[in-house]
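First up is the structure itself, then whatever we jot down about it.
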Amino acid sequence: MKKQIFTIALALMAMFAFGQETITGWDFPVNSGADSLNANMGTEQNQRYDIRMENDAGNDGMISLTEGFETYAATTDGWDNGIESKYWSVKFKASGYKNFKVSSMQFSDADMPGPRDWKMQYRLSNQESWTNIPNGEVTAANDWSTAHVTNLPLPAETNNPSGSVYVRWVVTSNTDINGNELLSTGISKIDNILVTAMPIVDADTLTGWTFPTGSADDLNANLGTEQNMRYDIRQENEAGETGTITFPEISPVEWVASAQSWANGANDKFWSIKFKAADYRNFRVSSMQSSSLDGPANWKLQYRLSGQDDWTDLPGGQISVADNWNTGTVTDLAIPDEANYPEGSVFVRWIMSDNVAVNGADVTTAGISMIDNILITGVSPTGIEQTIAIRQEMVYPNPCQGQLFVSPQSSAAKYAIYSITGQLVDAGTISNGGITIPQQTKGMHVVTLFDAAGQRLSSSKIVIE
């Protein structure tokens, strides 16, 4: 029963972390055999990697498989005097993926009291030092619920890794679960390790401003979808009053939007834009800002949806601006999921967070704020790159009935079929240049091709009849 509950929980994790795929995982279904410590979930290349108990000297501990959450769990002792040096470790490869999340369950024995205090860390294959995973502190007990980690995000540094990613659960004290000194006989168990991630997609540009002409026409977006290119950028305040925007040339054929009258503008005066994108999700914002010495130094990014009166801060959206074009740069800052598939407009603004100027004094009326290279991107409904496959990766016929074929010139070796909502329907190895479509699979789908190393080559929309 517990196993069924955990399986359902894994399904719910994937549902709520839309687009997440299993990269690697261990739930230890058997307690013996040459591969019993190897991952039994995830991609084929990762299922040959094992779990280890190690120390910083490179020595491996002896792991047995004993009673776990449902089936078995990796189990070992010898954790004494292991602060920052003794740990459980796993590794995986996942080029072409991002937004890694880790789940796990830990247990410390009561009769042979095991370690109480742990933290989770990661490193990349080209790094020697381990880095703490934010919020990765774990306190173990004599149960499977206290030290249960669910969908803990790995930092963005791990996105699209060129080599292996290593994750470890390292002891942080010499204290056992009873509060006493940890002995060499203390036992720790770990179970139900899961690493998920999202395929990297090429997001579409929904709207953007690069101010290409230096004329009044530059008030309107010059990038993005047709419906968004009629929307303008504004300098506003909370009372709805708008300011005058000019377009100075800061270098040959390089113009920016510029405005003054920012004095006493804390939480009141702002740059603003809006866009519509009913069929998109995972919106991200990029921009560049600069101020004169007496112009505003501190800003924050906020958003709101049509029908909302209040603005919401973007996480990580605090911006410090200087008298240059490097300091106040924002790159691919995520708008919260609340904005996904918006029925109306999404509004974004850069609002002054205080009245401090770049020179440290108060912002003056003559103080200048400039903004450039504003870009809003989003992901299409499938959660998969929606580009037409290049000719050498072409799949046909379209529509198809039960069987797809891959162009003979293709280097594709593997495939994945996704529903229009982004759910994985089927995946496997291409055999004799063909892909057999599972029965009961009908309607619009996306077929993604991979080479033998697992690198994504292309994606195509296919109608399955």
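Coordinate-derived values only; no laboratory data. Note that the structure is a prediction, hence the values are computed from the model and not measured. Using ideal geometry, Cβ is built from the backbone for each residue, glycine included, and neighbour counts are taken over all protein chains shown.
Using a Förster radius of 56 Å, what is the FRET efficiency between Thr150 and Ile250 based on their Cβ-Cβ separation? Nearest 0.05, please.
Rounded to the nearest 0.05, the efficiency is 0.70.
Do any of Lys101/Lys274; Lys98/Lys269; Lys98/Lys300; Lys414/Lys442; Lys91/Lys442; Lys276/Lys300 go past 29 Å between their Cα atoms, and which?
Cα-Cα > 29 Å for Lys101/Lys274; Lys98/Lys269; Lys91/Lys442; rest within.
Going 7 Å from the Cα of Ile83 along its beta-carbon direction, which residues of the stretch 159-181 have the amide nitrogen within less than 13 Å of the resulting point?
Output list for this probe position: 171-176, 181.
Would you please give the residues with an amide H less than 5 Å from that of Gln318, counting only those at least 5 places away or on a separate chain, with H modeled from the backbone geometry?
Leu301
Helix-derived [θ] at 222 nm for the chain: sum -39500 (n - 2.57) over DSSP H runs of at least 4, divide by residue count, nearest 500?
After summing the helix terms and dividing by residue count, I get -1000 deg cm²/dmol.
Tell me whether the stretch 127-261 comes out rounded, prolate or oblate; compute the Cα gyration tensor, take square roots of the eigenvalues as a ≥ b ≥ c, and use a/c under 1.5 as the rounded threshold.
Since a/c reaches 1.5 and a/b is larger than b/c, the shape of the stretch 127-261 is classed as prolate.
Let me know the shape class of the chain, please: from the alpha-carbon gyration tensor, a ≥ b ≥ c as square roots of the eigenvalues, rounded when a/c is under 1.5, otherwise prolate if a/b is greater than b/c, or oblate.
Oblate, because a/c is 1.5 or more while a/b does not exceed b/c.
Determine, from the Cβ-Cβ distance of Asp354 and Thr205 and an R0 of 30 Å, the FRET efficiency 1/(1 + (r/R0)^6), rounded to the nearest 0.05.
Efficiency, rounded to the nearest 0.05: 0.40.
Quick check: residue separation of Asn220 and Thr66 times 0.36 nm, minus the Cα distance between them. What number comes out in nm?
Net length gain for the segment: 48.9 nm.
Using a 7 Å offset from the Cα along the Cα-to-Cβ direction at both Ser164 and Asp310, what is the distance between the two label points in nm, to one decimal?
The two pseudo-label positions are separated by 4.8 nm.
What is the calculated FRET efficiency for Asn59 to Ala266, with r their C-beta to C-beta distance and R₀ = 45 Å, to the nearest 0.05?
Efficiency, rounded to the nearest 0.05: 0.20.
Please state the shape class of the stretch 202-252: rounded when a/c is under 1.5, otherwise prolate if a/b exceeds b/c and oblate if not, all from the C-alpha gyration tensor.
Oblate is the answer for the stretch 202-252, as a/c is 1.5 or above yet b/c matches or exceeds a/b.
Given H placed 1.01 Å from N in the peptide plane, which residues other than close sequence neighbours of Glu21 have an amide H under 5 Å from its amide H?
Correct list: Ala197, Met198.
Based only on Cα atoms, what Rg/Rh ratio does the stretch 48-141 have, Rh being taken as Kirkwood's radius?
0.95
Please give the residues of the stretch 83-105, grouped as numeric ranges, whose backbone N is less than 14 Å from a label point set 7 Å along the Cα-to-Cβ vector of Asp451.
95-96
Using Cα centres only, tell me the gap between the stretch 277-343 and the stretch 165-239 in whole Å.
Value for the Cα centre distance between the two parts: 13 Å.
Around Met41, which amide H atoms from residues at least 5 apart in sequence, or from another chain, sit under 5 Å from its own amide H, with H modelled in the peptide plane?
Amide H to amide H, under 5 Å and 5 or more residues apart or across chains, Met41 pairs with Gly25.
Which net charge results when you count Lys and Arg as +1 and Asp and Glu as -1 among the other residues whose beta-carbon is under 12 Å from that of Asn178?
-3
Length gain on complete extension for the stretch Glu465 to Lys442, per 0.36 nm per residue less the alpha carbon to alpha carbon distance?
Taking 0.36 nm per residue and subtracting the Cα distance, the gain is 7.7 nm.
What list of ³J(HN,Hα) couplings, whole Hz, do you get for the stretch 229-244 from phi and the Karplus terms 6.51, -1.76, 1.60, once you set θ to phi - 60° and write x for glycine and proline?
Along the stretch 229-244, the couplings run 6, 9, 8, 10, 8, 9, 9, 9, 10, 5, 7, x, 7, 10, x, 8 Hz.
Go through the stretch 137-144 residue by residue and turn each phi into a ³J(HN,Hα) via Karplus (6.51, -1.76, 1.60, θ = phi - 60°); whole Hz please, and just put x for glycine and proline.
Karplus values, whole Hz, x for Gly and Pro: 6, 10, 10, 8, 8, 8, 7, 9.
Note the full-extension length gain between Asn178 and Asp426 as 0.36 nm times their separation in residues minus their Cα-Cα distance, in nm to one decimal.
84.5 nm
What are the ³J(HN,Hα) couplings of the stretch 156-164, residue after residue, when phi is run through the Karplus curve with 6.51, -1.76, 1.60 and θ = phi - 60°? Round to Hz, x for glycine and proline.
4, 4, 7, 4, 6, x, 7, x, 7
Straight-line reach from Lys119: which aspartates and glutamates fall under 17 Å, measuring Cα to Cα and dropping same-chain residues less than 8 apart?
Glu54, Asp56, Asp80, Glu84, Glu137, Asp176, Asp191
How far is helix 2-16 tilted off the main Cα axis of the chain, in degrees rounded to 10, range 0 to 90?
20 degrees
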